[in-house]
Amino acid sequence: MATDIKAPTFPESVAEGTVAAWHKKPGDSVERDELIVEIETDKVVLEVVAPEAGTLTDVMAEEGDTVESEQVLGKIGEGSASGDSGKKEEKSSDDAAQSEKTSDDKQDAKQEEKKPSSGGKQHDVKAPSFPESIQEGTVATWHKKVGEAVKRDDVLADIETDKVVLEVVAPADGALAEIKAEEGSQVESEAILATFTEGGGSDYASATDNKPEASADNGESDEKMGDKIVAPAARKLIAEHDLDVARIEGTGKGGRVLKEDVQKAVKDGSAKKAAKSSSAAPAKAAAAPAAEGERAEKRVPMTRLRQTIAKRLVQAQQTAAMLTTYNEVDMTEIMALRAQYKDTFQKAHDVKLGFMGFFVKAASEALKRFPDVNASIDGTDIVYHGYQDIGVAVSTDRGLVVPVLRDTDSMKIADVERTIVDFGKRGRDGKLGMDDMIGGTFTITNGGTFGSLMSTPIINPPQTAILGMHKIQDRPMAIDGKVEIRPMMYLALSYDHRMIDGKDAVRFLVTIKELLEDPARLLLDV
């Protein structure tokens with residue numbers, strides 16, 4: 001029985017897509033969850049995978065065709081490819097093998113030399129298939145070293161693109177035999193990153209014990225610095241940070257100083273030259289002040305995520321008629337409620353009660369009352385959203401990312417807090433995916449966590465507004481004719497004047513203020 005291959009369900013703001021590329025031809029065998037076709041929309045490239053294992057029998061939407069949400073693209077039949085197709089594949093495989101043998105004899109010999117005595121199978125570790133909107137990525141981190149034992153599906157490396165960090169996992173139990181793309185290298189879709197040998201790290205290590213230790217650092221050899229053997233990448237870092245190699249503990253074989261050892265020393269500051277032992281030559285110590293007047297500079301390439309952030313921020317300011325309106329909210333009632341129930345809340349929901357849950361719920365209610373603020377601009381069209389998907393800005397070491405809370409109107413405060421904690425953790429670990437950050441009808445950013453008293457947030461296109469939270473500060477306020485000290489927070493609403501009138505922006509912000517100053521309104525919907 002044939003199985004339909006359908007286009008994904010498009011978001012409401014996406015009416016249709018274009019078939020960008022078929023990765024399989026009729027007659028090709030496919031495995032379950034294997035990438036078959038890519039659909040390009042005006043926002044993202046969506047991947048369509050095989051719903052079942054079998055053979056691609058029909059292609060009903062050719063490359064370049066426009067398709068709608070959940071349209072049938074093709075069909076998968078049972079069984080595997082046979083007949084002429086199978087012969088063609090076999091012939092193609094033989095031709096490819098012959099070509100590879102002819103052109104890469106030296107490489108094959110080199111790889112054969114590296115095979116463990118157990119005769120483990122070797123694999124090429126490749127970069128993931130990038131969507132068409134992503135041309136290349138950067139090797140951010142190698143989590144495993146050459147010869148280190150790994151299990152199937154262990155993370156070997158992270159590839160950073162301008163949108164997300166992609167993980168490269170081990171194809172089987174075994175060990176890395178050779179790293180071909182060092183950290184910082186630019187790689188294209190499906191580029192070979194390393195070679196991998198099945199059979200376990202211990203077998204691999206024993207097979208290479210009698211050989212000179214190979215370096216994975218662009219073919220450079222280890223070098224002695226003092227009485228330490230130092231890897232090339234580690235040597236470069238030592239020079240960059242002006243470290244004392246004698247104070248760095250090597251964890252490699254035979255005490256070899258690895259790149260990770262130097263990074264650890266940089267982080268804890270244990271190997272700075274200023275802390276060199278007194279046994280250092282006095283002449284060298286005296287030579288240090290000779291650089292008086294020299295001012296150090298460091299040039300590093302901008303990460304892809306930072307480049308994308310910069311591009312979008314400039315785009316927002318160039319395309320939107322952006323204004324900002326301010327107000328202040330008395331946090332007395334929220335803080336009293338939080339103090340009264342925070343312990344009970346944490347026991348009941350296993351998450352801390354913060355302020356963001358109240359702000360998300362207040363914003364959701366205000367967005368229902370002011371649909372213009374919840375709308376987006378698509379070319380010359382205005383798209384009104386019948387739901388509230390609120391993006392929450394999360395700061396990471398790589399830059400600012402905005403994962404999205406879906407259907408916040410139906411979420412409880414505990415669900416909001418729990419999801420935000422999860423976003424923060426996955427954001428710092430680089431585990432947020434495209435699905436987490438696509439869409440959003442409104443955004444909240446909290447500069448108060450860093451001490452900001454007032455700021456002007458920038459709209460996140462194609463949204464038309466963003467709410468900025470700030471630091472809670474005790475200030476003297478006139479309350480019923482008396483001066484009282486109250487915990488106050490400034491709120492800032494940046495909005496696109498092309499879509500939102502000033503009076504609506506002010507009333508929207510006042511609504512949020514009123515809901516927060518009297519939290520019972522959130523429960524009573526008044």
Suppose a student asked you for the relative contact order of the range 3-77, using Cα pairs under 8 Å spaced at least 6 residues apart; what percent would you report?
43 percent
Under the rule rounded for a/c under 1.5, else prolate if a/b exceeds b/c, else oblate, using alpha carbon gyration tensor axes a ≥ b ≥ c, the range 326-436 is classed as oblate
Once normalised by the length of the range 370-526, the mean sequence separation of its alpha carbon contacts under 8 Å that are 6 or more apart gives a contact order in percent of 20 percent
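Among DSSP bridges having both ends in the range 304-524, what percentage is antiparallel? Round to the nearest 5.
80 percent
Determine, for L176, L337, the number of other Cβ atoms within 10 Å of each Cβ, and report the residues in order from fewest to most.
So the ranking, lowest neighbour count to highest, is L337, L176.
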On full extension of the chain, what length is gained from K342 through E188, given 0.36 nm per residue of separation minus the C-alpha to C-alpha distance?
50.6 nm
Once you have the alpha carbon radius of gyration of the range 3-77, what is it after dividing by 2.2 N^0.38 Å, with N set to its residue count?
1.01
Where in the range 339-410 are there chymotrypsin sites (Phe, Trp or Tyr not before Pro) that are in a DSSP coil and have at most 15 other Cβ atoms within 10 angstrom of their Cβ?
Y384
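Kindly provide the trypsin sites (Lys or Arg not before Pro) of the range 469-509 that DSSP labels as loop, not H, G, I, E or B, and whose Cβ sees at most 10 other Cβ atoms within 10 Å. Can you show the working numbers first?
Values: sites: K471, K482, R498, K503, R507; in loops: K471, R498.
Taking the range 469-509 and a limit of 10 other Cβ atoms within 10 Å, no loop trypsin sites (Lys or Arg not before Pro) are found.
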Net charge of neighbours whose Cβ lies under 12 Å from the Cβ of A170, counting Lys and Arg as +1 and Asp and Glu as -1
-3
Here Rg/Rh (Cα, Kirkwood) for the range 371-526 equals 0.98
Please report, in whole Å, how far the alpha carbons of the range 400-481 spread along each principal axis, starting with the longest.
51, 28, 27
Using Cβ counts within 10 Å as a stand-in for footprinting exposure, how do L467, L453 rank, fewest first?
L453, L467
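All of the numbers you see were taken from the coordinates with simple rules; none came from a lab. Please read all numbers here as calculations on a predicted model, not as lab measurements. Reconstructed Cβ throughout: ideal geometry from the backbone, glycine too, with neighbour counts over all protein chains shown.
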